[in-house]
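Have a look at the structure below before the remarks.
The numbers here are math on the coordinates, done by the rules we state, and not lab data. Just so you know, these numbers come straight off a predicted model, no measurement behind them. Quick reminder, even Gly has a Cβ in these numbers, built from the backbone with ideal geometry, and neighbours come from all protein chains shown.
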Amino acid sequence: MYNWKQAFRQKNFRIKYILSFIVLGLLMTWLGTFFNYVEARQGHIFYDPFLNFLRPKDVSDFIFYTTYGSAVVGLIYAFRSPYLTLHLCQMYVLLNVFRVACMFMVPLDPPVGIIPLKDVILEKTVYEGSINLKDLFFSGHTAILFLFFFFVKNPWLKLFFFISGTSVAFALMLQHVHYSLDIIAAPAFAFLSWKIVVRYFKLYQKGTEVVV
């Protein structure tokens, strides 16, 4: 708590923190409207040879518990420091901006044989009570886990997020929820979101302390 008190005494940090979380809140509120638009429009189906080798299987529970369980670990790691928390918020906002732009520019219909993903948290928040099938390019579940992979410094946590990210990515394809290209693109956009924030948002890590 001492680190948080010290951080909030700095006007520069307070402004960045408040603005970042306001933007995050507005974005998450608007996403439901955007996903409804994506779901209603006509998209394209493309041939995915990798998915053709996988017989569809419902692994929703595995995806749900692995994704959110891993995210809790990442959030605990970030909450140790107000600066890491701010960084993570900014990275997540940027990741969602990239995802919205990609979905807007690449209209897709779900893969053949899709088994709808059951995710109570998404259904009660951004999906507004429905199950969305067309929020495809790129995979949000895979991207957030790889964002944590790039974000954490501890090598054991890096390994943990790499394993959880890879296993969720495979599970999403096994359930035919995403095309393989949706999965392959996700870590690239996660890396881009991490890199941009670390380089340009004027917060950086020096030794064991994160400073403004």
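Can you put 167, 130, 139 in order of Cβ neighbours within 10 angstrom, beginning with the fewest? Please list the in-between numbers first.
Numbers: 167 16, 130 12, 139 27.
Fewest-to-most ranking of 167, 130, 139: 130, 167, 139.
Each of 106, 93, 112 has some number of other Cβ atoms within 10 Å of its Cβ, and from fewest to most they run 112, 106, 93.
List the residue ranges in the chain for DSSP H helices whose C-alpha atoms run 27 angstrom or more along the long axis and whose Kyte-Doolittle average is 0.5 or above. Numbers along the way, then the final one.
Details: long enough: 11-40 (44 Å, 0.88); 60-79 (28 Å, 1.10); 82-105 (35 Å, 1.25); 155-174 (28 Å, 1.57); 180-200 (31 Å, 1.19).
Span-like helices in the chain: 11-40, 60-79, 82-105, 155-174, 180-200.
If you build the Cα gyration tensor of segment 131-177 and take the root of 5 times each eigenvalue, what three semi-axes come out, in whole angstrom, biggest first?
Numbers: eigenvalues 108, 25, 6 Å².
Semi-axes, largest first: 23, 11, 6 Å.
Averaging Cα coordinates gives a centre for segment 146-185 and one for segment 1-33; these two points are 27 Å apart. Projecting label points 7 angstrom from Cα along Cα→Cβ for residue 199 and residue 123 puts them 4.1 nm apart.
When the chain is fully extended, how far beyond the present Cα-Cα distance does residue 2 get from residue 24, taking 0.36 nm per residue of separation?
Numbers: separation 22, 0.36 × 22 = 7.92 nm, distance 2.52 nm.
Result: 5.4 nm gained on full extension.
Could you give the size of the charge dipole of the chain about its Cα centre, using +1 on the Cβ of each K and R and -1 on the Cβ of each D and E, expressed in debye and rounded to the nearest 20? Mind dumping the intermediate values first?
Details: 19 positive and 11 negative charges, 248 e Å.
In total the dipole reaches around 1180 debye.
Using a Gaussian network model on the chain with a 10 Å cutoff between Cα atoms, which of 83, 92, 37 fluctuates the most? Evaluated over the chain, the most mobile residue of the options is 37.
Computed log10 I(q)/I(0) for segment 2-211 at 0.10, 0.12, 0.15 Å⁻¹: -0.45, -0.64, -0.97, from the Debye equation with unit scatterers placed on every C-alpha and solvent omitted. Of the residues 44, 176, 141, the one with the fewest other Cβ atoms within 10 Å heads the list, and the complete ranking is 44, 176, 141.
Between the listed residues 83, 115, 43, the Cα displaced farthest toward the positive end of the dipole of the chain, a dipole computed from Cβ unit charges relative to the Cα centre, is found at 83.
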